[in-house]
Amino acid sequence: MTSIATAPPPTPATEKRHRRRRRRPRPDSFLGATPFLAPAVVLYSVFLLFPIVSAVYLSFLRWNGFPTTPQKWAGLDNYAEIFTNDTVFYTALRNSVIWVVLSLIVPTVVALGLALALNRRLLGRNLIRSIFYIPAVLASIAVATMWAWMYNPNAGLINSVLTSLGGESLIQDWLGDPKIALYSVFVAFVWQTTGFSMVLFLAGLQSVPEELVEAARLDGANPRQVFRHVTLPALRPTLTVVLVLTVISSLKVFDLIVGMTGGGPAQSTQVLALWSYSQSFINHNFGAGNALAVVLLLITLALVLPYLLWTLKEDE
Amino acid sequence: MSTRRRINYPLIGLWIGLVLSSLIWLAPFVFMVLTSLKSTADVNNSSIWSLPQEWQWHNYADAAERGDLWTVAWNSTYIALIKVPLGLFISAAAAFAIARLRFKRHRALLIVLTLGAMVPVQVALAPMFTTLGSLNLLNSTNGIILPYLAFGIPYQIFFLYGFFRSIPADLDASARIDGAGNFRLFWTVMLPLAKPALAALFILDFVATWNEYGMALVLLQDQNKATVPLALQAFQSQFTSNYGQLNAFIVMSIFPVLIVYLLFQRYFTQGALAGAIKG
């Protein structure tokens with residue numbers, strides 16, 4: 001879709017006149033667009049791009065972050081430190097990977113199931129949809145506080161329910177046991193994020209052609225076959241979006257962990273985003289903190305850049 | 001005419017399953033509200049599902065005072081009321097330029113701008129702290145608005161770009177014939193058309209701004225500049241054993257967002273959809 005008709009190639013006679021006229025900003029020229037772009041581009045460059053580029057620069061320094069202390073050039077020392085000496089880094093990296101993989105599966109599958117079920121005409125359908133979606137609008141820090149309270153070993157909901165159902169052997173110190181703490185926090189993440197993916201899937205289901213489903217049914221396809229051969233292919237773009245957004249939100253997980261465990265016990269719930277923050281602002285090691293930020297940035301770009309280029313390429 | 005219908009047992013089973021799971025999904029809310037009205041002794045001694053022995057409504061007032069709720073709620077409101085409309089206006093202008101004024105390399109610009117939506121904010125926290133520090137804008141509600149604007153731009157531009165692209169080209173052409181310049185075209189033709197998209201973004205962005213924690217943690221360390229999520233986290237770590245008040249504070253902190261959600265449900269889902277799935 002082009003909104004401005006392209007001018008015919010200038011003939012030698014008109015070329016001179018054209019050139020003179022071009023000095024004035026034409027509606028479709030870059031100059032004409034500048035006033036509209038400038039505020040966004042300036043803010044974006046100064047407060048988003050510049051900090052990201054600085055993170056790369058700061059990762060080569062030895063510095064505690066205080067303006068009064070001098071910065072020392074450290075070359076690749078911070079990276080060497082991370083990869084050879086920092087055991088927390090490997091825990092954080094492993095936990096981030098576990099988190100990404102789990103969240104690509106668990107909330108996505110649950111959300112798809114819910115969307116398929118709630119796409120039918122059912123009593124109270126809108127209310128049920130809302131109930132699943134509401135956690136998605138809450139602040140992660142509020143979700144964290146709620147769930148820390150749910151997991152409270154003595155008076156919390158989960159252990160109390162287990163007790164009253166006779167499952168006392170299942171009682172755990174959910175957030176205090178290094179073996180399970182990460183998964184306990186992940187449950188809260190599932191509770192919070194499933195509703196959003198469900199809404200995306202519900203939207204995607206609108207694009208499944210009704211006639212095709214009918215035709216498949218008439219041809220004797222069972223519900224599973226209809227899902228496999230009609231619904232799923234139509235949902236593919238939605239699925240891609242859901243998976244990409246899930247990867248992005250899993251790599252950003254921070255508030256939930258700060259609010260529930262602070263990375264503990266014994267670093268067992270540490271993730272890259274939190275470890276980078278802690279190195280910079282708690283241990284006052286800006287060099288290491290920013291080197292970790294760069295690692296996180298590279299992982300993110302490797303996972304989502306192909307998708308972004310692909311979307312924008314299709315949009316000719 | 002016989003209207004006897006076969007009872008659809010699988011469908012009823014599905015419905016019962018859905019109702020049960022949605023009750024489980026709701027349980028944290030019920031548990032939180034019940035606890036918020038109990039005394040600490042009551043929380044420790046009676047069953048979690050029992051109603052409060054005495055309804056401790058004063059938990060709310062006490063928690064509000066302890067957590068300095070009015071100060072932080074005002075800070076959050078102030079930030080959101082400036083950030084959200086301003087950010088939308090800035091993003092709409094840029095999205096309009098990229099989508100409708102076909103300058104060279106507009107696609108490259110779009111890619112660079114939307115890339116920001118993919119980057120975890122934690123990558124930029126430390127440099128953001130030093131940048132705002134050198135501009136003397138730390139611990140300032142006005143200061144934090146700037147990175148908030150910057151981090152809102154990518155997603156909003158991406159969203160509004162898709163919207164502006166979907167408007168037929170004839171519209172610009174006829175406006176241009178009537179003598180409209182870029183500003184007229186943007187202000188009197190495009191912005192009014194974008195109202196539904198802007199409304200959806202407004203709500204989503206209000207909630208996102210109200211809920212933001214990571215940047216506020218780093219950039220607003222002064223207690224009386226804190227926002228609601230910071231105050232909630234502080235409350236949780238300071239008054240751990242007063243469960244009633246803690247839960248009352250959570251309820252109050254999520255209240256505005258719940259109200260916004262309930263009033264503007266339609267825009268919510270619409271916004272979530274339109275933003276993610278390109279038309």
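The values are calculated or read from the model by the stated rules, or taken from the named source; none is laboratory data. These numbers were taken from a predicted model, which means no experiment stands behind them. Here the Cβ positions follow ideal geometry from the backbone for every residue, glycine too, while neighbour counts run over all protein chains shown. Just so you know, the surface numbers come from the protein's heavy atoms only, side chains and all, with ligands and any DNA or RNA stripped out. Shrake-Rupley method; radii C 1.70, N 1.55, O 1.52, S 1.80 Å.
Scan segment A:283-294 for residues that are open to solvent by 10 Å² or more (accessible area, probe 1.4 Å) and either modelled with pLDDT of 95 or more or at the interface with chain B (Cβ under 9 Å from one of its Cβ atoms) (or both) and jot them down. Before the answer, list the steps.
So in segment A:283-294, the residues open to solvent by 10 Å² or more (accessible area, probe 1.4 Å) come out as A:283-285, A:294.
Of everything in segment A:283-294, just one residue is open to solvent by 10 Å² or more (accessible area, probe 1.4 Å) and either modelled with pLDDT of 95 or more or at the interface with chain B (Cβ under 9 Å from one of its Cβ atoms) (or both), namely A:V294.
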Exercise for review: Provide a single number: the residues in segment B:59-78 that are surrounded by fewer than 22 Cβ atoms within 10 Å (Cβ to Cβ) and outside any helix (DSSP H, G or I).
Suggested key: 1
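Can you find a residue in segment A:122-129 that is among the charged types (D, E, K, R), surrounded by fewer than 15 Cβ atoms within 10 Å (Cβ to Cβ) and more than 8 Å from every other protein chain (Cβ to nearest Cβ)? Explain how you work it out, then say what you get.
Keep residues of segment A:122-129 that are among the charged types (D, E, K, R), which gives A:125, A:129.
Checking which are surrounded by fewer than 15 Cβ atoms within 10 Å (Cβ to Cβ) leaves us with none.
Checked against the condition, which is being among the charged types (D, E, K, R), surrounded by fewer than 15 Cβ atoms within 10 Å (Cβ to Cβ) and more than 8 Å from every other protein chain (Cβ to nearest Cβ), segment A:122-129 yields no hits at all.
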Review point. Which residue, of A:V213, A:V271, A:V242, A:V208, is modelled with pLDDT of 95 or more and of a type in the set (A, V, I, L, M, F, W, C)?
Key: A:V271
Review point. So B:G67 clears everything in (1) under 27 Å from B:F202 (Cβ atoms); (2) under 23 Å from the mean Cα position of the chain (by Cα) except one condition, right? Which one?
Key: (1)
Check your understanding: What number goes with the only condition from (1) within 13 Å of chain B (Cβ to nearest Cβ); (2) in a helix (DSSP H, G or I) that A:T91 does not pass?
Key -> (1)
Review point. Pairs under 7 Å by beta carbon, first residue over 30 Å from B:W74 (Cα atoms) in segment B:40-64, partner open to solvent by 60 Å² or more (accessible area, probe 1.4 Å), six or more apart or different chains?
Key: B:D42/B:Q53; B:S46/B:Q53
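Among the residues of segment B:239-254, is any of a type in the set (S, T, N, Q), touching a Lys or Arg at 6+ places or on another chain (Cβ under 8 Å) and at pLDDT below 95? Let's see the steps before the verdict.
Initially, segment B:239-254 is screened for residues of a type in the set (S, T, N, Q), giving B:240-242, B:245, B:247, B:253.
Right, trim to touching a Lys or Arg at 6+ places or on another chain (Cβ under 8 Å) and you get B:245.
If we keep only those that are at pLDDT below 95 too, we end up with B:245.
Yes, there is a match, as at least one residue in segment B:239-254 is of a type in the set (S, T, N, Q), touching a Lys or Arg at 6+ places or on another chain (Cβ under 8 Å) and at pLDDT below 95.
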Practice item. Determine which single condition A:P39 fails, assuming it passes every other condition in (1) within 9 Å of chain B (Cβ to nearest Cβ); (2) in contact with a Phe, Trp or Tyr (Cβ under 8 Å, 6 or more places away or on another chain); (3) of a type outside the set (A, V, I, L, M). Key: (2)
Review point. Can you name every residue in segment A:108-121 that is open to solvent by 30 Å² or more (accessible area, probe 1.4 Å), more than 9 Å from chain B (Cβ to nearest Cβ) and more than 19 Å from the chain's Cα centre (by Cα)?
Key: A:G113, A:L116, A:N119, A:R121
Review point. In segment A:252-264, what count of residues is obtained for those that are touching a residue at least 60 places away in the same chain (Cβ under 8 Å), open to solvent by 20 Å² or more (accessible area, probe 1.4 Å) and under 15 Å from the mean Cα position of the chain (by Cα)?
Key: 1
Check your understanding: Name the pairs whose Cβ atoms lie under 6 Å apart, with the first residue in segment A:163-174 and open to solvent by 70 Å² or more (accessible area, probe 1.4 Å), the second aliphatic (A, V, I, L, M) and modelled with pLDDT of 85 or more, and 6 or more positions between them or separate chains?
Key -> A:L170/A:L162
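Quick one: in segment A:217-270, of everything that is of a type in the set (S, T, Y) and more than 14 Å from chain B (Cβ to nearest Cβ), which residue is nearest to A:A144 (Cα to Cα)?
Initial filter on segment A:217-270 (of a type in the set (S, T, Y)): A:231, A:238, A:240, A:246, A:249-250, A:261, A:268-269.
Keeping just the survivors that are more than 14 Å from chain B (Cβ to nearest Cβ) gives A:231, A:268-269.
Values: A:T231: 35, A:S268: 17, A:T269: 13 Å.
Among them, the one singled out is A:T269.
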**Study point:** Residue in segment B:209-238 that is modelled with the highest pLDDT, counting only those that are within 10 Å of chain A (Cβ to nearest Cβ) and surrounded by fewer than 20 Cβ atoms within 10 Å (Cβ to Cβ)
**Key:** B:Q221
Practice item. Filter segment A:295-311 down to residues that are within 9 Å of chain B (Cβ to nearest Cβ) and farther than 22 Å from A:D255 by Cβ and give me whichever is surrounded by the fewest Cβ atoms within 10 Å (Cβ to Cβ). Key: A:L309
**Study point:** Yes/no for B:L81 being open to solvent by 10 Å² or more (accessible area, probe 1.4 Å) and closer than 23 Å to A:P51 by Cα
**Key:** no
Practice item. Can you confirm whether segment A:28-45 contains a residue that is exposed (fewer than 15 other Cβ atoms within 10 Å of the Cβ) and touching a residue at least 40 places away in the same chain (Cβ under 8 Å)? Key: no
Revision key, fill the gap. A careful count of residues in segment A:265-281 that are of a type in the set (S, T, Y), open to solvent by less than 10 Å² (accessible area, probe 1.4 Å) and part of a helix (DSSP H, G or I) gives 2
Practice item. Would you check if there is a residue in segment A:232-241 being outside any helix (DSSP H, G or I) and either under 24 Å from A:S140 (Cα atoms) or open to solvent by less than 40 Å² (accessible area, probe 1.4 Å) (or both)? Key: no
Study note, to complete from the structure: By residue number, the members of segment A:128-141 that are in contact (Cβ under 8 Å) with a residue 12 or more places away in the chain and either farther than 25 Å from B:W15 by Cα or among the β-branched types (V, I, T) (or both) are A:I134, A:L138, A:A139, A:S140, A:I141
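Checking the conditions here, which among B:L18, B:L69, B:L26 is under 28 Å from A:Q192 (Cβ atoms) and more than 8 Å from chain A (Cβ to nearest Cβ)? Don't jump to the end; show me each part of the working.
On the way: B:L18 fails: more than 8 Å from chain A (Cβ to nearest Cβ); B:L26 fails: more than 8 Å from chain A (Cβ to nearest Cβ).
Of B:L18, B:L69, B:L26, the one residue that is under 28 Å from A:Q192 (Cβ atoms) and more than 8 Å from chain A (Cβ to nearest Cβ) is B:L69.
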Practice item. Among the candidates A:S207, A:S249, single out the residue that is part of a loop (DSSP other than H, G, I, E, B) and open to solvent by 40 Å² or more (accessible area, probe 1.4 Å). Key: A:S207
Review point. If you scan segment B:88-120, which residues turn out to be open to solvent by 20 Å² or more (accessible area, probe 1.4 Å) and more than 7 Å from chain A (Cβ to nearest Cβ)?
Key: B:F89, B:R105, B:H106, B:A108, B:L109, B:V112, B:A117
Exercise for review: Would you check which residues across segment A:46-85 are at pLDDT 90 or above, open to solvent by 40 Å² or more (accessible area, probe 1.4 Å) and within 11 Å of another protein chain (Cβ to nearest Cβ) and list them?
Suggested key: A:V46, A:L49, A:F50, A:V53, A:V56, A:Y57
Check your understanding: Among (1) free of Cβ contacts under 8 Å to residues at least 24 places away in the same chain; (2) more than 25 Å from B:S91 (Cβ to Cβ); (3) open to solvent by less than 40 Å² (accessible area, probe 1.4 Å); (4) more than 10 Å from chain A (Cβ to nearest Cβ), which single condition is B:G244 missing?
Key -> (1)
Practice item. Could you tell me which numbered condition B:E54 fails, if it satisfies all but one of (1) part of a helix (DSSP H, G or I); (2) open to solvent by 90 Å² or more (accessible area, probe 1.4 Å); (3) of a type in the set (D, E); (4) over 30 Å from B:Q223 (Cα atoms)? Key: (1)
Practice item. Taking the residues in segment B:193-207 that are open to solvent by 60 Å² or more (accessible area, probe 1.4 Å) and without any contact (Cβ under 8 Å) to a residue 60 or more places away in the chain as candidates, determine which candidate is nearest to B:R266 (Cα to Cα). Key: B:K195
Practice item. Just give me the residues in segment B:27-51 being assigned to a helix (DSSP H, G or I) and open to solvent by 40 Å² or more (accessible area, probe 1.4 Å), in sequence order. Key: B:V30, B:V33, B:T40, B:A41, B:N44, B:N45
